[in-house]
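So the structure is just underneath, and the comments pick up after that.
The values are calculated or read from the model by the stated rules, or taken from the named source; none is laboratory data. Predicted model only: the values in this text are computed from it and were never measured. When we count neighbours, we look across all protein chains shown, and the Cβ atoms used for this are built from the backbone with ideal geometry, even at glycine.
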Amino acid sequence: MNRNALVPIMAVAIVNGIFSPWVLAVFVLYPIWYPAWLPPYAQLVYMASALILSTLTIMVAGIPAALHERLGGTQNPALTTSIWLAGALVLTLPALPNVMKALGLGA
């Protein structure tokens with residue numbers, strides 16, 4: 001797979017990590033996953049929460065692409081990347097209202 005093909009997937013995952021409504025749930029649960037030796041500053045916890053959601057988006061969106069590659073029989077990197085990007089876009093749909101508000105387009 002071409003490394004440049006991962007750029008749009010990572011961009012969508014970053015947007016999902018920052019604007020997802022699930023970032024609040026990860027943020028609130030920081031005592032479970034946040035290292036005790038780091039200072040619990042809200043900015044650090046939020047950044048780590050967004051990073052967790054971004055990584056989770058990439059991982060979960062890659063499952064259908066991996067299944068297609070494993071079960072499909074044909075090796076088509078462009079189609080696999082398209083499936084992966086589509087999965088990331090579907091996972092980012094709940095974040096769209098927050099993105100629109102941040103851009104000044106929402107109510």
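Some values worked out for this structure:
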quantity: Residues satisfying the stated conditions in the range 73-95, i.e. in contact (Cβ under 8 Å) with a residue 40 or more places away in the chain and more than 16 Å from ILE9 (Cβ to Cβ); calculated: PRO94
quantity: The lone exception for ALA61 - which of (1) in contact with a Leu (Cβ under 9 Å, 6 or more places away or on another chain); (2) surrounded by fewer than 13 Cβ atoms within 10 Å (Cβ to Cβ); (3) farther than 20 Å from LEU24 by Cα; (4) of a type in the set (A, V, I, L, M, F, W, C) it fails; calculated: (2)
quantity: Conditions (1) without any contact (Cβ under 8 Å) to a residue 60 or more places away in the chain; (2) surrounded by 14 or more Cβ atoms within 10 Å (Cβ to Cβ): number failed by GLY104; calculated: (2)
quantity: Matching helices (runs of 4 or more DSSP H) fully within the range 1-41 where at least 3 residues are surrounded by fewer than 12 Cβ atoms within 10 Å (Cβ to Cβ); calculated: 23-28, 30-33
quantity: Top-ranked residue in the range 66-98 [being out of contact with any helix residue (DSSP H, G or I) (no Cβ under 8 Å at 6 or more places or on another chain) and not in a helix (DSSP H, G or I); ranked as surrounded by the most Cβ atoms within 10 Å (Cβ to Cβ)]; calculated: ASN76
quantity: Residue count for the range 1-47, restricted to those that are in contact (Cβ under 8 Å) with a residue 60 or more places away in the chain and among the small types (Gly, Ala, Ser); calculated: 3
quantity: Which numbered condition THR81 misses (of (1) under 17 Å from the mean Cα position of the chain (by Cα); (2) under 24 Å from LYS101 (Cβ atoms); (3) modelled with pLDDT under 95); calculated: (2)
quantity: Residue in the range 48-60 that is touching a residue at least 60 places away in the same chain (Cβ under 8 Å) and either out of contact with any helix residue (DSSP H, G or I) (no Cβ under 9 Å at 6 or more places or on another chain) or in a helix (DSSP H, G or I) (or both) present; calculated: no
